[in-house]
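The values are calculated or read from the model by the stated rules, or taken from the named source; none is laboratory data. Keep in mind the model is a prediction, meaning the values are calculated, not measured. We place every Cβ from the backbone using ideal geometry, glycine too, and count neighbours over all the protein chains shown.
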Amino acid sequence: MPTSRVNGIRLYWETAGEAGDPMVLVHGSWGDHQNWSSVVPGLSQSFRVLTYDRRGHSRSQRPEGQGNVGEDVADLAALLDELGHCPAHIAGNSFGASIVLRLAAARPDLFRSVIVHEPPLFGLLSAEPGATAALAAVQERMSAVVSLLALVTRWAAPDSSSKRLRSDLARGRNLRKKQGTLLCSTRRHGWTKSAIRRQWTFNSAASTDLPHQFC
């Protein structure tokens with residue numbers, strides 16, 4: 001399994017393609033390198049494509065405590081320097097796009113071009129009076145997602161607390177609404193307990209603070 005240790009963290013990565021300029025794809029939050037699986041085969045015909053799992057995601061190491069965007073930016077720079085996969089065309093989606101933009105400002109020498117899709121740059125709107133209501137609505141929705149993912153993480157964990165949670169879910173004790181959402185989602189996406197444990201590797205105890213990373 002290809003990994004590199006950068007900034008004290010072990011990052012998992014994959015490459016595809018043998019010719020052309022380097023290209024790097026940076027995934028968003030609550031995903032991993034496989035988010036790019038549908039486009040890597042086509043891109044690898046013209047580029048040497050690098051995908052990786054950000055810290056705390058999937059096969060990369062899970063550090064203790066709450067992370068921040070600065071760590072993700074530093075990780076990406078260190079990984080590119082470590083692998084010599086630069087200057088590169090670097091693309092990011094969602095929170096990955098925010099990471100790419102911050103790195104482009106700090107280390108333009110690593111870039112051939114910048115491609116970003118839907119970066120959540122809510123901080124740019126914080127000084128706009130007309131955006132207050134919209135930002136509050138986005139924050140509320142992100143918090144709901146974080147709460148659900150924390151519930152899924154607890155449900156999948158192989159410990160006594162998860163057994164109690166599954167028991168509560170089965171009986172519907174104070175969790176009937178969440179139960180319906182959770183079970184519907186797991187059936188629809190075909191998730192298994194092992195897949196959930198592998199995918200959602202963030203610290204559920206700190207997950208209520210996660211939305212601040214999007215600012």
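Summary of computed values
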item	result
Positions within the stretch 106-144 being hydroxyl-bearing (Ser, Thr, Tyr) and in contact (Cβ under 8 Å) with a residue 12 or more places away in the chain, in sequence order	113, 126, 143
Residue selected from the stretch 81-99 under the condition buried (at least 24 other Cβ atoms within 10 Å of the Cβ) and out of contact with any Pro (no Cβ under 8 Å at 6 or more places or on another chain), by the criterion nearest to residue 21 (Cα to Cα)	90
Extreme residue, nearest to residue 72 (Cα to Cα), among residues of the stretch 20-52 that are among the small types (Gly, Ala, Ser) and touching a strand residue (DSSP E or B) at 6+ places or on another chain (Cβ under 7 Å)	28
Only one of 50, 43, 11 that is aliphatic (A, V, I, L, M), over 17 Å from residue 117 (Cβ atoms) and over 14 Å from the mean Cα position of the chain (by Cα)	50
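This table checks each residue for (1) within 14 Å of residue 99 (Cα to Cα); (2) surrounded by fewer than 20 Cβ atoms within 10 Å (Cβ to Cβ); (3) of a type in the set (Asp, Glu); (4) assigned by TED's automatic domain parsing to the domain that holds residue 111.
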position	(1), (2), (3), (4)
21	no, yes, yes, yes
25	yes, no, no, yes
28	yes, no, no, yes
31	no, yes, no, yes
34	no, yes, no, yes
38	no, yes, no, yes
60	no, no, no, yes
65	no, yes, no, yes
